[in-house]
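The values are calculated or read from the model by the stated rules, or taken from the named source; none is laboratory data. Fair warning: this is a prediction, and the values are worked out from it, not measured in the lab. Backbone-built Cβ (ideal geometry, glycine too); neighbour counts: all protein chains shown. SASA here: full protein model, heavy atoms, side chains in, ligands and nucleic acids out. Shrake-Rupley method; radii C 1.70, N 1.55, O 1.52, S 1.80 Å.
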Amino acid sequence: MLRFRLLFPFLVASLLLAGHTPAAHASAATIVSLTLNRRQATVNGETVALDTAPVLDEAASRTFVPVRFIGESLGAYIGWDSETEAVTYLGGDTRIILRIGRKTAEVNGQEAALDAAPYIDENGRTLVPVRFVSEQMGAAVSWDGSTSTVTLTAPWVGRVILLQDYQFSPDTRTVAPGTRITWVNLDDEEHDVLGSDFESPVIAPGEAYSRTFSTAGIVHIGCSFHDGMTATITVQ
Ligand SMILES: [Cu+2]
């Protein structure tokens with residue numbers, strides 16, 4: 001599958017371009033609640049089914065959750081490279097790479113230590129440490145021992161749009177003001193994201209770009225390399 005490359009110029013450029021989005025709609029937030037051994041979580045009050053329950057690694061005293069759940073609830077893209085058994089999270093300006101059985105991760109190209117390694121359970125499900133991934137993505141994590149509940153609080157609502165097969169996928173999307181969209185290029189060629197009042201840097205294969213939409217309205221999106229690529233984002 002995809003090999004993700006680490007391109008600091010891209011990260012720096014996207015920080016410069018997207019980092020100073022006005023915080024006028026700072027009310028956008030994601031609150032996720034998970035309970036040990038329960039296959040139900042809540043995301044902003046809505047119940048979400050988990051394919052496997054969060055479990056406690058007692059030796060490390062760390063809670064593990066299914067790999068997709070955190071990424072999806074916090075609005076990040078989740079990539080899996082079976083060759084290297086690596087999980088990649090791309091959301092906002094953060095890229096986290098975790099490897100099965102390894103207590104070392106990579107966050108924006110820097111090594112970071114884990115207390116407990118991601119693993120594949122006896123049912124073939126991949127689990128990752130919830131606190132590490134959430135905190136590295138910028139969410140606050142709290143633990144209530146009396147109810148065995150982990151709560152994640154992120155100051156954003158995130159959505160992912162793929163650049164795949166020379167299309168935006170999905171090509172129409174309605175989001176609340178303050179939503180952060182992360183575009184991920186899954187093609188083998190470069191794309192960019194062109195709006196009427198902004199243009200992303202070139203997005204190389206495997207790279208991402210993100211932008212927060214604070215103002216209500218309809219945003220028409222294109223790619224300056226490929227005329228046929230169009231999408232509409234409705235902010236309301
Ligand atoms: Cu393109």
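Filter the stretch 154-172 down to residues that are under 14 Å from the mean Cα position of the chain (by Cα) and of a type outside the set (A, V, I, L, M, F, W, C) and give me whichever is farthest from the ligand (Cβ to nearest atom). Before the answer, list the steps.
First, pick out the residues of the stretch 154-172 that are under 14 Å from the mean Cα position of the chain (by Cα): 154-162.
Now drop any that are not of a type outside the set (A, V, I, L, M, F, W, C), which leaves 155, 158-159.
Values: Pro155: 31, Gly158: 22, Arg159: 19 Å.
Residue satisfying both the conditions and the ranking: Pro155.
Of the residues Ala28, Ala23, Ala60, Ala41, only one is under 19 Å from the mean Cα position of the chain (by Cα) and either open to solvent by 90 Å² or more (accessible area, probe 1.4 Å) or modelled with pLDDT under 95 (or both); which? Can you show your working first?
On the way: Ala23 fails: under 19 Å from the mean Cα position of the chain (by Cα); Ala60 fails: under 19 Å from the mean Cα position of the chain (by Cα); Ala41 fails: either open to solvent by 90 Å² or more (accessible area, probe 1.4 Å) or modelled with pLDDT under 95 (or both).
Exactly one residue qualifies, and that residue is Ala28.
Among the numbered criteria (1) assigned to a strand (DSSP E or B); (2) without any contact (Cβ under 8 Å) to a residue 60 or more places away in the chain; (3) more than 16 Å from the ligand (Cβ to nearest atom), which one does Thr151 miss?
(2) is the only condition that Thr151 fails.
Take the stretch 195-204 and flag every residue that is surrounded by 17 or more Cβ atoms within 10 Å (Cβ to Cβ) and part of a strand (DSSP E or B).
Ile203
Wholly within the stretch 37-107, which strands (runs of 3 or more DSSP E) include no fewer than the required count, namely at least 3 residues that are under 17 Å from Ser210 (Cα atoms)? Even if it seems obvious, please write down each step before you answer.
Numbers: elements: 40-43, 46-49, 55-57, 62-66, 77-81, 86-91, 94-99, 104-107.
The qualifying strands (runs of 3 or more DSSP E) are 77-81, 86-91, 94-99.
I need the full set of residues from the stretch 173-184 which are more than 12 Å from the ligand (Cβ to nearest atom) and surrounded by 16 or more Cβ atoms within 10 Å (Cβ to Cβ), in order please. Write out each step before concluding.
To start, the set of residues in the stretch 173-184 that are more than 12 Å from the ligand (Cβ to nearest atom) comprises 173-182, 184.
Answer for the stretch 173-184, where residues must be more than 12 Å from the ligand (Cβ to nearest atom) and surrounded by 16 or more Cβ atoms within 10 Å (Cβ to Cβ): Arg173, Val175, Pro177, Gly178, Thr179, Arg180, Ile181, Thr182, Val184.
Which of the residues that make up the stretch 44-53 are open to solvent by less than 50 Å² (accessible area, probe 1.4 Å), over 19 Å from the mean Cα position of the chain (by Cα) and of a type outside the set (Ser, Thr, Tyr)?
If we filter the stretch 44-53 for residues that are open to solvent by less than 50 Å² (accessible area, probe 1.4 Å), which is where we start, we get 48, 50, 52-53.
So of that shortlist, the ones also over 19 Å from the mean Cα position of the chain (by Cα) come out as 52-53.
Scanning the stretch 44-53 gives a single hit, Ala53.
Just to be sure, is Gly79 within 16 Å of the chain's Cα centre (by Cα), on the phi < 0 side of the Ramachandran plot and away from the ligand (no atom under 16 Å from the Cβ)?
Working: within 16 Å of the chain's Cα centre (by Cα): yes; on the phi < 0 side of the Ramachandran plot: yes; away from the ligand (no atom under 16 Å from the Cβ): yes.
It is true that Gly79 is within 16 Å of the chain's Cα centre (by Cα), on the phi < 0 side of the Ramachandran plot and away from the ligand (no atom under 16 Å from the Cβ).
Test each condition in (1) assigned to a strand (DSSP E or B); (2) more than 16 Å from Gly91 (Cα to Cα) for Asp188 and report the one that comes out false.
(1)
Return yes or no: is Ala116 over 21 Å from Gln40 (Cα atoms) and modelled with pLDDT under 95? Full working, then the answer.
Working: over 21 Å from Gln40 (Cα atoms): yes; modelled with pLDDT under 95: yes.
So Ala116 passes the test.
Can you work out which of the residues in the stretch 150-172 that are farther than 19 Å from Val43 by Cβ and of a type in the set (Phe, Trp, Tyr) is most open to solvent (accessible area, probe 1.4 Å)?
Of everything passing the filter in the stretch 150-172, Tyr166 is most open to solvent (accessible area, probe 1.4 Å).
Name every residue in the stretch 67-77 that is touching a residue at least 60 places away in the same chain (Cβ under 8 Å) and open to solvent by 10 Å² or more (accessible area, probe 1.4 Å), in order of residue number.
Val67, Ser73, Tyr77
Tell me which residues, restricted to the stretch 185-200, are away from the ligand (no atom under 13 Å from the Cβ) and touching a residue at least 40 places away in the same chain (Cβ under 8 Å). Steps first, please.
First, pick out the residues of the stretch 185-200 that are away from the ligand (no atom under 13 Å from the Cβ): 195-198.
Scanning the stretch 185-200 gives a single hit, Phe198.
Which residues, taken from the stretch 205-236, are open to solvent by 20 Å² or more (accessible area, probe 1.4 Å), within 12 Å of the ligand (Cβ to nearest atom) and in contact with a Phe, Trp or Tyr (Cβ under 8 Å, 6 or more places away or on another chain)?
His226, Gly228, Thr230
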